[in-house]
Amino acid sequence: MANRLQPPTKKETTSKDTQIPKELASPLLVAAQTAVLNKPQWIQADGGWWDLLGQQWLESLHEWLDATPSATPVGGDVQHLSTLFPPEKHDHIVRSLLSFCLLPPITNEKRSSKSSTPLIYYTAATRAFLSRTLRILSIPFSTLLKAEDDVSHDLYHEMKRVKMHEKAELARKENENGLGGKWGRWAATAGGTILGGIAIGLTAGAAAPALAFLPLLTASTAPAVLGTVFGLTGGGLAGYRVNQRWAGVDEFDFIQITGGGEKGESLPDAKEMQGVPLKEEQPPSLVATIIIPGILLESRTEGVEAVRNCANLFTSPRRDLFVLSHSTETMLKTGQTLDGWVRSLVFGKLTSEVLKRTALNAVLAAVTLPVEIYKKTGMVMDNEWIRGCDRARKAGKLLANVLREKIQGERPITLVGSSLGALVLFQALLELSMDGYDKSPLIDSAILISLPAAPNELEWMRARSVVARRLVNAYCAGDFVLAGVGRLHEILGGARVGSLAGLVPTDKHIPGIENVDLGGVIE
């Protein structure tokens with residue numbers, strides 16, 4: 001098949017600009033081996049995907065560097081390794097490693113098998129191994145972010161150049177005896193063509209970057225890479241739609257805010273946020289971010305507009321940024337009902353003295369209110385909130401299916417959810433954990449903001465198992481709205497308000513969860 005290739009050989013994947021100096025190969029392998037073997041605390045005893053994929057990554061790295069695994073020392077002090085990698089070498093080292101990481105791992109099974117393998121892909125697990133290796137070498141993570149941006153730009157434009165080169169050759173053959181027809185008109189435009197706003201000449205073309213995998217790119221494989229790495233087949237995330245009601249979800253769209261696409265269309269919002277008109281097409285990025293808004297207060301598009309207003313936060317380094325818009329009618333009704341309930345029926349009962357005493361503890365403030373207030377006024381609110389939570393959990397299951405299908409491409413994904421959007425995200429993590437602990441993770445990082453749920457230890461560990469790098473619980477002890485909803489459920493349904501993840505940090509004995517206190521940010 002045109003979109004599949006055998007694993008590349010070392011000769012095919014090496015160029016001068018992607019080679020690691022011989023004197024640095026050994027310390028680099030020591031750092032990589034240390035990063036994989038000293039696995040994070042949250043990895044289970046049997047290792048799961050970390051041990052399996054980590055070993056494959058190390059084997060491939062040894063082969064790429066022409067080294068023998070048995071010759072690489074295990075253990076010992078690695079603090080001195082950073083002195084061998086001065087800042088002036090960081091960019092080259094990271095770009096070389098990233099180029100290697102985009103290649104399929106070379107395993108014994110693949111050496112002996114005739115089966116095909118994807119040409120290029122970048123997984124969340126690979127990025128986790130790479131980032132831990134760089135940390136040992138004291139190379140800033142920002143260097144990796146810049147390299148990802150540069151490589152995605154070069155790779156995308158090189159694939160476009162390869163495709164246009166084949167068209168140019170076809171034009172030459174069809175018009176050996178003179179120009180004419182559509183190819184004559186195309187070639188007559190000063191020997192080039194316009195592709196997504198960029199003029200590419202027939203002879204020079206775009207400047208070809210030195211990447212390890214470029215010798216393998218052809219006009220027939222380039223479209224496969226676009227679909228595999230960047231998820232652009234069929235329009236990617238932005239083209240995904242729920243065609244019919246699925247388990248109660250009748251609205252489930254990915255709205256692209258920044259980034260690029262197959263047609264090379266740079267979105268106007270991204271241009272405006274930069275403040276400078278962009279003349280060239282914006283390639284898709286090697287990593288992508290999906291933001292999941294929660295309850296809405298003013299309009300069904302409020303969540304999308306809020307992300308658009310802060311899109312400049314995602315332009316350096318550049319990345320594909322999407323908003324998951326789901327069940328907006330329900331989210332709006334839930335938000336408006338909650339807002340009215342809190343404003344007219346709850347705040348009116350709180351004296352200024354109570355507010356002073358409980359300003360830093362929303363749970364205490366919520367408990368201070370008489371139980372009768374909740375019983376008399378809370379039934380409508382409780383019904384709307386339950387309906388909103390139900391839609392959020394169903395959307396989470398659908399999100400897990402979308403990620404499994406890799407519509408986002410073979411690239412690491414960061415997920416950010418707030419309030420009921422955090423519930424969507426957490427439900428998706430639980431769904432993905434059902435695939436088994438040995439399954440390669442699809443998610444690089446997940447950030448839960450004001451999660452309106454109280455997961456137990458097992459649920460936290462299940463969620464942690466499907467995230468390759470960071471799982472963040474962002475909480476605020478002064479969030480009275482969330483505390484009020486929690487108190488309502490405590491009275492009407494027996495839940496414990498004090499255990500909501502959006503109000504408190506997770507237990508210290510649950511490893512791998514980063515707790516971030518938003519008390520200094522949220523008023």
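Solvent-accessible surface (1.4 Å probe) assigned to Leu53 amounts to roughly 40 Å². Peptide packing: for 411-420, 136-145, the average count of neighbouring Cβ atoms within 10 Å per residue gives the ranking 411-420, 136-145, highest mean first.
With the simple spin-label model, which puts each label point 7 Å out from Cα in the Cβ direction, the Asn456 to Val342 separation comes to 3.0 nm. The alpha-carbon atoms of the stretch 400-461, seen along their principal axes, cover 31, 22, 17 angstrom, with the largest extent given first.
Please compute the length gained on full extension between Asp507 and Glu63, using 0.36 nm multiplied by the number of residues separating them and subtracting their Cα-Cα distance.
Extra length from Asp507 to Glu63 when fully extended: 155.6 nm.
Taking 17 Å as the cut-off, the amide N atoms of the stretch 446-474 that come nearer than this to a point 7 Å along the Cα-to-beta-carbon line of Val521 belong to 446-452, 470-474.
Reported value for the stretch 295-342: 67 Å³ per residue, from the convex hull of its C-alpha atoms.
With r as the distance between the Cβ atoms of Glu88 and Met434 and R0 = 35 Å, compute the FRET efficiency 1/(1 + (r/R0)^6) and round to 0.05. Show your work: numbers first, answer last.
Values: r = 47 Å, r/R0 = 1.35.
Given R0 = 35 Å and the Cβ-Cβ separation, E is 0.15.
If you plug the beta carbon distance of Ala306 and Asp390 into 1/(1 + (r/R0)^6) with R0 = 22 Å, you get a FRET efficiency near 0.40.
The values are calculated or read from the model by the stated rules, or taken from the named source; none is laboratory data. All values derive from a computational prediction rather than experimental measurement. Here Cβ is always computed from backbone atoms with ideal geometry, including for glycine, and neighbour counts include all displayed protein chains. For the accessible areas, the whole protein counts, side chains as well, though only heavy atoms, and no ligand, DNA or RNA atoms are used. Shrake-Rupley method; radii C 1.70, N 1.55, O 1.52, S 1.80 Å.
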